[in-house]
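One structure is given here, and the rest of the page talks about it.
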Amino acid sequence: MTEFPSQAARSAIAAALAEDQSGQDITTAWSVPEGMAAVAEIRARQCGIAGGLPAVAEVFAQVDPEVTVEALVPDGARLTGDDVLVRLSGSARSLITGERTALYFLQLMCGIATLNDRYVQAVAGTEARILDTRKTAPGLRALDKYAVTVGGGRNHRLNLAAMVLLKENHIAAAGVSAASTTSATVIPNRSGPTPTAGA
C-alpha cells in the first residue's frame, strides 16, 4: 500500500465542501439546535476492504476541527457486514453537514480497494499482477490510485509524463507501422519521474 496522499485529499475535500456550500447548511441550521452534541458511527453494510479512513478525518477537520474522529480499523482491513469503521463525536450540526462528503470519499475508496482485492485474489498463485490506468475521476487520481494499492493492486503510469505508452491512436495519427513500435528510446524527464517504455 502506498502512502495516503494527504495533500491531494485536502484539496479534493475542500473542493467538495465548497461545491456543497457546507458553510451554509440552512436545513441543519434551521432544524438542529446549535449547542447539541452527538455521537455517530460509520458501519460497513457488506464485506470488503477498508480504504480512505484518513479522508473522513480530513473532511471533519475542515468542517469543524472540534469534531473527534476515531478510526477503528486501518486502511486495508478486511471488513464483514456491520463492522464499525469510524466513531465520531462533536457538534450534531457539524456531523450532519460533513456526513455526505465523508461517506462519498470513504465509499469511493472502499469500493476501489474491494474490487481490486477481488482481482488480486483471482490471480493469486500466478505471475499476473493487477495494474491500474490513468483513467480516473478528474481531480481524484491520487486518491483513486491510492485505493488501488490498498486493495493489493499496483499503480501503472501516473500521468502522461510518466512513461511512453504507444496506443492505436498514436499509431493512426502518426502513420507509424506496428513493426516500428517494438522499441523506444526514452529520454529521462528531469522534472518528474523517469519515464520507461510501456506496452
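Based on DSSP H runs of at least 4 residues, each adding -39500 (n - 2.57), what is the mean residue ellipticity at 222 nm of the chain after dividing by all its residues, to the nearest 500 deg cm²/dmol?
On the way: 6 runs with 79 residues, N = 199.
Calculated at 222 nm, the ellipticity per residue is -12500 deg cm²/dmol.
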Contact order relative to length of the chain, as percent, for alpha carbon pairs under 8 angstrom and 6 or more apart: 22 percent
Of 77, 147, 171, which is farthest along the charge dipole of the chain in the positive direction, counting Lys and Arg as +1 and Asp and Glu as -1 at C-beta? 171
Please give the helix 141-150 orientation as an angle from the longest Cα principal axis of the chain, in degrees from 0 to 90, rounded to the nearest 10. 90 degrees
Quote the relative contact order of region 1-89 in percent (integer), defining contacts as alpha-carbon pairs under 8 Å separated by 6+ residues. 35 percent
Which is farthest toward the positive dipole end of the chain among 159, 114, 53, measuring Cα position about the Cα centre, with Cβ charges +1 (Lys, Arg) and -1 (Asp, Glu)? 159
If each part is reduced to its alpha-carbon centroid, region 113-145 and region 22-62 end up apart, in Å, by 28 Å
With everything on Cα atoms, drop me the angle between helix 92-122 and the longest principal axis of the chain, reported from 0 to 90° to the nearest 10. 30 degrees
Size of the chain as Cα extents on the principal axes (Å, biggest first): 71, 38, 27
May I ask you to give the solvent-accessible area per residue for region 7-141, in square angstrom, as obtained with a 1.4 angstrom probe? 58 Å²
Taking the Cα centre of the chain as origin and charging only Cβ (+1 Lys, Arg; -1 Asp, Glu), how large is the dipole, in debye to the nearest 20? 880 debye
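Could you tell me what percent of the accessible area of region 68-111 is made up of carbon and sulfur, with a 1.4 Å probe and every protein chain present?
Carbon and sulfur: 53 percent of the exposed surface of region 68-111.
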With N residues in region 1-88, what two-decimal value do you get for its Cα radius of gyration over 2.2 N^0.38 Å? 1.22
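By per-residue mean of other Cβ atoms within 10 Å, what is the highest-first order of 132-145, 43-56? Walk me through the intermediate numbers first.
Working: 132-145: 16.0, 43-56: 20.4.
Output ranking for 132-145, 43-56: 43-56, 132-145.
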For residue 43, net neighbour charge (Lys/Arg +1, Asp/Glu -1) across residues whose Cβ lies under 9 Å away: -2
Karplus (6.51, -1.76, 1.60) ³J(HN,Hα), θ = phi - 60°, over region 124-138, in Hz, Gly and Pro reported as x: 4, x, 10, 8, 6, 10, 8, 10, 8, 10, 9, 7, 10, 5, x
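The values are calculated or read from the model by the stated rules, or taken from the named source; none is laboratory data. On a predicted model such as this, the values are computed, not experimentally measured, just so you know. We place every Cβ from the backbone using ideal geometry, glycine too, and count neighbours over all the protein chains shown. SASA here: full protein model, heavy atoms, side chains in, ligands and nucleic acids out. Shrake-Rupley method; radii C 1.70, N 1.55, O 1.52, S 1.80 Å.
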